[in-house]
Amino acid sequence: RKEVEQDPGPFNVPEGATVAFNCTYSNSASQSFFWYRQDCRKEPKLLMSVYSSGNEDGRFTAQLNRASQYISLLIRDSKLSDSATYLCVVDSNYQLIWGAGTKLIIKP
Amino acid sequence: NAGVTQTPKFQVLKTGQSMTLQCAQDMNHNSMYWYRQDPGMGLRLIYYSASEGTTDKGEVPNGYNVSRLNKREFSLRLESAAPSQTSVYFCASSEVAAGPSTDTQYFGPGTRLTVL
């Protein structure tokens, strides 16, 4: 089992819709969780950290479920510019483990 | 303020050739990293440098060497390139001077390397 797993997608979503995807992790001792965004043929950029209490940044909401060992990302009122690959990152034994990403395509 | 810069952007090598990938950051960050990204896989850490003068192996160090030339620059060298090293290489930096830290990482634009 991979340490960090994501559905590769693609998720094809109409503009304005709400979309959510999850990321599961295997190390129950993990403490730090992040979502990064990567545009096609570009570098990853931090989207948001994920806190135990959950956090929101505009149209984006990230949540952590420790019991089931997954984090989630919810995007409301999706825009064409949200099309990208979303990378889940989890710390494990003082290393950052990167998921392979979920590809999101927003259609007009 | 350029952030993290990498050179070259693209490179094609023949098996057995050597090359050095250059990386520089102007954010006065302590930690720097080299990753490779392959299709269908997450970023994998090759080497990192928690501070000037120190380097440590990551998950996939075989076939690579690194040099932390000063606080700004961190280079990655392939001594004898192999087709398995065909990948996209990203350099990153973060402020915190600790292992592969959980601080925000800032990435360069990447180098697309093909080894024939």
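Taking A:I97 as the residue in question, decide whether it is more than 10 Å from chain B (Cβ to nearest Cβ), touching a residue at least 40 places away in the same chain (Cβ under 8 Å), in contact with a Phe, Trp or Tyr (Cβ under 9 Å, 6 or more places away or on another chain) and assigned to a strand (DSSP E or B).
For A:I97, the condition - more than 10 Å from chain B (Cβ to nearest Cβ), touching a residue at least 40 places away in the same chain (Cβ under 8 Å), in contact with a Phe, Trp or Tyr (Cβ under 9 Å, 6 or more places away or on another chain) and assigned to a strand (DSSP E or B) - is not met.
Restricting to the stretch B:59-68, and then to whatever is in contact (Cβ under 8 Å) with a residue 12 or more places away in the chain and farther than 24 Å from A:T102 by Cβ, can you tell me which residue is nearest to the other protein chains (Cβ to nearest Cβ)?
So the residue we want is B:P61.
Yes/no per residue for (1) buried (at least 21 other Cβ atoms within 10 Å of the Cβ); (2) farther than 23 Å from B:Y106 by Cβ; (3) modelled with pLDDT of 95 or more:
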site: A:N12; (1), (2), (3): no, yes, yes
site: A:R41; (1), (2), (3): no, no, no
site: A:D82; (1), (2), (3): no, no, yes
site: A:C88; (1), (2), (3): yes, no, yes
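Tell me which residues, restricted to the stretch A:14-37, are surrounded by 16 or more Cβ atoms within 10 Å (Cβ to Cβ) and of a type in the set (V, I, T).
A:V19, A:T24
Every residue in the stretch A:1-10 that is surrounded by fewer than 19 Cβ atoms within 10 Å (Cβ to Cβ) and within 13 Å of the chain's Cα centre (by Cα), please.
A:E5, A:D7, A:P8, A:G9
For residues in the stretch A:85-94 being over 15 Å from A:D57 (Cβ atoms) and among the hydroxyl-bearing types (S, T, Y), which is nearest to the other protein chains (Cβ to nearest Cβ)?
A:Y94
Looking only at residues in the stretch A:50-108 that are over 30 Å from B:S49 (Cβ atoms) and of a type in the set (D, E), which one is farthest from the chain's Cα centre (by Cα)?
A:D77
Search the stretch A:26-84 for residues being β-branched (V, I, T) and under 30 Å from B:C91 (Cβ atoms), and hand back the single one that is nearest to the other protein chains (Cβ to nearest Cβ).
That would be A:V50.
When you scan the stretch B:16-53, how many residues do you find that are more than 14 Å from every other protein chain (Cβ to nearest Cβ), over 21 Å from A:D91 (Cα atoms), surrounded by 12 or more Cβ atoms within 10 Å (Cβ to Cβ) and over 11 Å from the mean Cα position of the chain (by Cα)?
4
Residues checked against (1) more than 20 Å from A:E43 (Cβ to Cβ); (2) in contact with a Gly (Cβ under 6 Å, 6 or more places away or on another chain); (3) among the aliphatic types (A, V, I, L, M):
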{"position": "B:L21", "(1), (2), (3)": "no, no, yes"}
{"position": "B:Q25", "(1), (2), (3)": "no, no, no"}
{"position": "B:Q37", "(1), (2), (3)": "no, no, no"}
{"position": "B:G53", "(1), (2), (3)": "yes, no, no"}
{"position": "B:D56", "(1), (2), (3)": "yes, no, no"}
{"position": "B:N70", "(1), (2), (3)": "yes, no, no"}
{"position": "B:P83", "(1), (2), (3)": "yes, no, no"}
{"position": "B:T102", "(1), (2), (3)": "no, no, no"}
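The values are calculated or read from the model by the stated rules, or taken from the named source; none is laboratory data. In this text the structure is predicted, and so the values were computed from the model without any measurement. Backbone-built Cβ (ideal geometry, glycine too); neighbour counts: all protein chains shown.
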